[in-house]
Amino acid sequence: MKILLIGYGAMNQRVARLAEEQGHEIVGVILKRSKDAVPYPTYTKISDVKTADVAIDFSHPNLLLPLLDDSFNLPLVIATTGEKEEITKKLQQLGQTMPVFFSANMSYGVHVLTKLLEVAVPLLRDYDIELTEAHHNQKVDAPSGTLVKLYDVIKSLREQSYPVHNRHEQNDKRHPDEIGVHALRGGTIVGEHDVLFAGIDETITLTHRAQSKDIFANGALEAAKQLIYKENGYYTFDNL
């Protein structure tokens, strides 16, 4: 594939390395402002790139959202977290004229975790649920897009539930409909997500641990390999 990268932070640098190891070509990088250290041609708009087969985005809403208002036709693999509702709304519109793929987490294992939740939540309907995520100290958004994704799955199955992000000012006991949402930041933690089901005298925890950021870069590349052959539409791991 000939790949256009949107953003050139730590993740797309990994995408570039792994893509070239697999025989793909990086034809350019879209940046908000030019960087001397980028070893590829740089652009400011998707429509400026005529040779790409697909674009892979690991960037920031401030860079991505204006680009989506441009006039272009190119398969997109989007992994930006933050401003999820606005991003997915625009991608669903673009899906009418090109194939687009979105996931808040490019790990297939995390996708499987969401499928396990679809089974577990109805079976454990009387259990309290607490969600916890941990990431490195450079991550700027909290909770992570992945934890929001896990919460959305639970919310779809427990319609009366609602998130509680901190309890330090509360003096009431936990309500059965609460879903605790907790974010930890420190060191170089790649990504950890836990779903705790707490019942009477027993607990069950579903856990995903990312041991390398390569899993996200490889997930994006695998999605791109499939997406370029798909019909126009909005894709996720559920329908790709």
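Numbers for the structure displayed
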item: HN-Hα J in Hz across region 229-236 - Karplus 6.51, -1.76, 1.60, θ = phi - 60°, x for Gly and Pro; result: 9, 8, 6, 4, x, 9, 10, 9
item: Debye intensity ratio I(q)/I(0), log10, region 108-210, q values 0.23 Å⁻¹ (C-alpha model); result: -1.32
item: Label-point gap, in nm, between Gln93 and Lys155 - each point 7 angstrom along Cα→Cβ; result: 2.2
item: For region 195-240, alpha-carbon Rg over 2.2 N^0.38 Å; result: 1.80
item: Packing-based order for 26-34, 81-89, using average beta carbon neighbours within 10 Å, highest first; result: 26-34, 81-89
item: Ranked list, fewest to most other Cβ atoms within 10 Å of each Cβ, for Glu118, Glu133, Glu231; result: Glu231, Glu118, Glu133
item: Residues with amide H under 5 Å from that of Ile26, placed H, sequence gap 5 or more; result: Ile3
item: Surrounding net charge for Phe58, when Lys and Arg each add one and Asp and Glu each subtract one, Cβ distance under 11 Å; result: +1
item: Sparse-neighbour loop sites [chymotrypsin sites (Phe, Trp or Tyr not before Pro); region 151-240; at most 11 other C-beta within 10 Å; DSSP]; result: Tyr229
item: Computed [θ] at 222 nm, helices only, for the chain once each DSSP H run of length n ≥ 4 contributes -39500 (n - 2.57); result: -9500 deg cm²/dmol
item: Likely footprinting exposure, Asp172, Asp57, Asp194, fewest C-beta neighbours within 10 Å first; result: Asp172, Asp194, Asp57
item: Burial ordering of Ser103, Ser47, Ser144, Ser71, fewest other beta-carbon atoms within 10 Å first; result: Ser71, Ser47, Ser144, Ser103
item: Pairs from Lys173/Lys213; Lys32/Lys155; Lys149/Lys173; Lys50/Lys155 whose Cα-Cα separation, in the structure shown, is over 32 Å; result: Lys173/Lys213; Lys32/Lys155; Lys50/Lys155
item: Under 5 Å, built H, 5+ apart or other chain: amide partners of Phe72; result: none
item: For region 154-213, share of DSSP beta bridges that run antiparallel, in % to the nearest 5; result: 75
item: Computed over region 108-210: relative contact order in percent, which uses C-alpha pairs under 8 Å that are six or more apart; result: 40
item: Residue among Thr146, Val112, Ser59 farthest towards the positive dipole end of the chain, charges placed on Cβ; result: Ser59
item: Total formal charge among the other residues, if their Cβ is under 14 angstrom from that of Leu91, Lys/Arg +1 and Asp/Glu -1; result: -2
item: Estimated dipole of region 1-159 in Debye, rounded to 20 [Cβ of Lys and Arg +1, of Asp and Glu -1, Cα centre]; result: 260
item: Karplus-derived HN-Hα couplings along region 90-98 (A = 6.51, B = -1.76, C = 1.60, θ = phi - 60°), whole Hz, x at Gly and Pro; result: 5, 5, 5, 5, 5, x, 6, 10, 7
item: Long-range HN-HN contacts of Tyr235 with modeled amide H, under 5 Å; result: Val100, Phe101, Phe102
item: Per-residue ³J(HN,Hα) for region 111-120, Karplus 6.51 cos²θ - 1.76 cosθ + 1.60, θ = phi - 60°, Hz, x for Gly and Pro; result: 4, 4, 4, 5, 5, 5, 4, 4, 7, 6
item: Gyration tensor (Cα) of the chain, equivalent ellipsoid semi-axes in angstrom; result: 35, 18, 16
item: Length gained when the stretch Arg174-Thr51 is fully extended (0.36 nm per residue, less Cα-Cα span); result: 38.7 nm
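Only the coordinates and a few stated rules stand behind these numbers; no lab work does. No experiment lies behind these values; they were computed from the predicted model shown. Every residue, glycine as well, gets a Cβ built from its backbone with ideal geometry; the counts of neighbours run over all protein chains shown.
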